[in-house]
1. Once both labels are modelled 7 Å past Cα along the beta-carbon direction, what's the A:L278-B:R92 spacing in nm?
2. Peptide A:41-54: average number of partner chain Cβ atoms within 10 Å per residue?
3. Amide H of A:K220: which non-local residues (sequence gap of 5 or more, or other chain) have their own amide H closer than 5 Å, using H built in the peptide plane?
4. Kindly rank A:160-172, A:4-16, B:236-248 from highest to lowest mean number of other beta carbons found within 10 Å of each residue.
5. Give me the percent of accessible area attributable to carbon and sulfur for chain A, probe 1.4 angstrom.
6. How much of the DSSP bridge set in chain B is antiparallel, in percent, rounded to the nearest 5?
7. I'd like the carbon and sulfur percentage of the solvent accessible area for chain B, probe radius 1.4 Å, heavy atoms only, ligands and nucleic acids excluded.
8. Would you tell me the mean number of C-beta atoms belonging to other protein chains that fall within 10 Å of each C-beta in B:159-165, as a whole number?
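The values are calculated or read from the model by the stated rules, or taken from the named source; none is laboratory data. Keep in mind it's a predicted model, so treat the numbers as computed, not measured. Cβ atoms come from the backbone with ideal geometry, glycine included; neighbour counts cover every protein chain shown. For accessibility, only protein heavy atoms count, side chains too; no ligands or nucleic acids. Shrake-Rupley method; radii C 1.70, N 1.55, O 1.52, S 1.80 Å.
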Amino acid sequence: MRKTCLNMVFELAKKDPRIVFVGSDLGPGVLDEMKHAMPERFYMEGVSEQHIIGMAAGLAMDGFIPYVNTIATFITRRCYEQLAVDLCLHDLPVRLIGNGGGLVYAPLGPTHLATEDIAITRALPNMTVVAPADAEEMTRFMAVTPDWPHPIYIRLGKGGDPVITGDQQDFEIGRAVPLSNGNDVQIISTGVMSKRALDAADALNAEGISTGVTHLPTIKPLDLDAVISAARSKLVVTLEEHFKSGGLGSAVSELLIDGHVMPELGIVRLGLDDIFPLNYGSQDELLEAFGLQPAGIAESIQKALDARR
Amino acid sequence: MFSDEMFPHSPPLDERSKDLRRLVIDALDGGGRGHLGSSMSLIEILRVIYDDVARHRPDDPAWDGRDRCILSKGHGCLAQYAALAAHGYFSRQEMRTFCHFPSMLGGHPERAKVPGVEASTGALGHGLSIGVGIALAARIKKADTRVFVVMGDGEINEGSVWEAAMSATKHGLENLTAVVDYNKLQSYGRTAEVLNMEPLADKWRAFGFETVECDGHDVEALRKHLSTPLGNAKPTMVIAHTVKGKGVAFAENEPTWHHKSRVPADQIEAMYAALAKES
């Protein structure tokens with residue numbers, strides 16, 4: 001997904017002279033081809049996240065479309081004021097590409113985990129928040145980014161994520177991707193968790209619990225119709241690789257509350273508990289520890305159904 | 001290192017300088033509040049940029065060929081509003097609406113609201129990075145745009161300023177001119193005591209800026225240093241030694257006049273009177 005995303009920046013830049021790339025201090029060789037083909041539109045500025053957001057704002061004020069890339073937590077936590085004031089207050093078309101949204105950097109610990117990035121980017125007026133599920137969706141999404149007039153936060157997975165959106169049409173920012181229907185439970189998920197949602201749904205369907213999955217690549221703006229429609233099932237479950245506070249689950253809950261729509265059995269939010277993860281290991285191991293692998297997800301949903309019926 | 005003796009006698013304020021200062025007092029009167037000290041120290045710096053140096057069109061604020069002036073120390077916006085009003089970007093009467101609902105003139109300047117304001121500022125330490133971006137954009141477009149970024153001496157405590165400084169030098173942005181309004185007072189007190197930035201000129205030189213110091217109320221000196229970029233493939237830094245509150249004797253160098261709210265009418269009268277006495 002990450003490689004696809006960055007390659008797309010170069011592909012788009014070949015066609016669109018407005019596109020520039022700004023990195024902080026990325027790994028050696030990142031976008032080398034672009035660097036050599038169009039050096040005047042390739043910037044690697046060093047470990048100065050606050051600065052590169054402001055610099056991207058300046059470039060955007062004068063007609064360019066900067067794609068800014070660094071580790072997700074640094075592009076969000078580190079320079080939050082720059083996001084708010086330089087990008088969102090000016091409403092500039094800057095694209096923030098956050099490597100390793102969620103628990104991808106599990107071996108490196110809490111300083112590198114982006115587990116509140118959705119909450120804080122979602123809180124900013126004018127900001128758009130997108131978390132594709134796989135590389136193919138990323139490709140379709142990136143194709144529509146040059147002409148979106150607002151700042152976008154793009155949450156990247158680890159890479160090599162299984163493709164689950166292969167047969168979808170063109171990407172539309174703000175539009176949900178229905179993956180399957182269910183009468184009892186509708187799981188609303190985002191990013192790479194949508195694959196786990198599908199697997200959990202398979203397990204529940206095998207138990208006779210009719211479970212559907214709605215993938216929401218765009219967390220802001222939310223697809224109002226898709227969320228309202230999901231609420232026709234008995235139970236709505238939100239699933240995300242993010243703290244429970246402020247992320248997808250909060251967004252969906254707020255929308256349903258504001259719309260006076262509540263599923264018969266309510267809403268269950270699945271995500272990370274309100275603690276900095278205590279362990280290292282792999283992304284999958286941490287997800288397992290938080291009960292966010294398919295078996296744990298299915299179990300949580302089963303328990304909620306038992307308790308609420 | 002600067003010494004207080006370096007620029008002992010600022011030239012007397014001429015009519016233009018007094019006129020702009022009267023506009024600042026008008027706004028303070030209308031709004032009942034404002035950063036008086038921080039604005040008065042800036043008047044000559046902004047005056048020279050808008051009157052003599054920058055290419056701009058008040059009747060077409062978004063004109064492509066304009067130079068850009070970013071007031072990074074956004075709390076000094078009364079000086080910028082005064083300069084813009086004096087150039088006809090909006091009426092002089094507008095100054096009196098300062099900070100009132102629904103005026104476009106807030107306590108910090110906003111790009112989408114005020115014609116002539118290039119960037120919304122007030123959160124400190126943002127302007128130089130934005131200036132670097134605009135200067136790079138001009139370079140890509142092969143435009144001869146000049147970018148001016150005016151910063152405060154308290155503001156440059158921010159680490160982001162120095163990130164931007166390194167980047168400006170890396171790219172050899174000779175079209176970027178930064179100015180520090182060095183009035184030597186920040187909100188809490190003397191910069192030398194709150195967070196001493198000395199040796200300031202050496203710092204900017206070490207970061208790769210072609211650096212010059214001058215009296216920030218000396219219009220001729222500012223014209224000389226701001227008219228032409230100083231460095232070949234280097235950004236320019238003009239350290240402008242100024243007096244906080246300049247032109248209102250009782251507010252000069254007085255930390256309590258950094259920002260005032262609820263300014264009573266007799267103090268406003270005293271300000272106009274103090275300014276009139278300046279020679």
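1. Calculated label separation equals 7.1 nm.
2. If you average over the peptide's residues, the count of other-chain Cβ atoms is 6.
3. Residues meeting the amide H criterion: A:V129.
4. The most tightly packed comes first, giving B:236-248, A:4-16, A:160-172.
5. Values: 5990 of 11610 Å².
Carbon-and-sulfur percentage of accessible area, whole number: 52.
6. Details: 3 of 25 bridges.
So the antiparallel bridges in chain B amount to around 10 percent.
7. Reported share for carbon and sulfur atoms: 50 percent.
8. Other-chain Cβ atoms within 10 Å of each residue's Cβ, averaged: 5.
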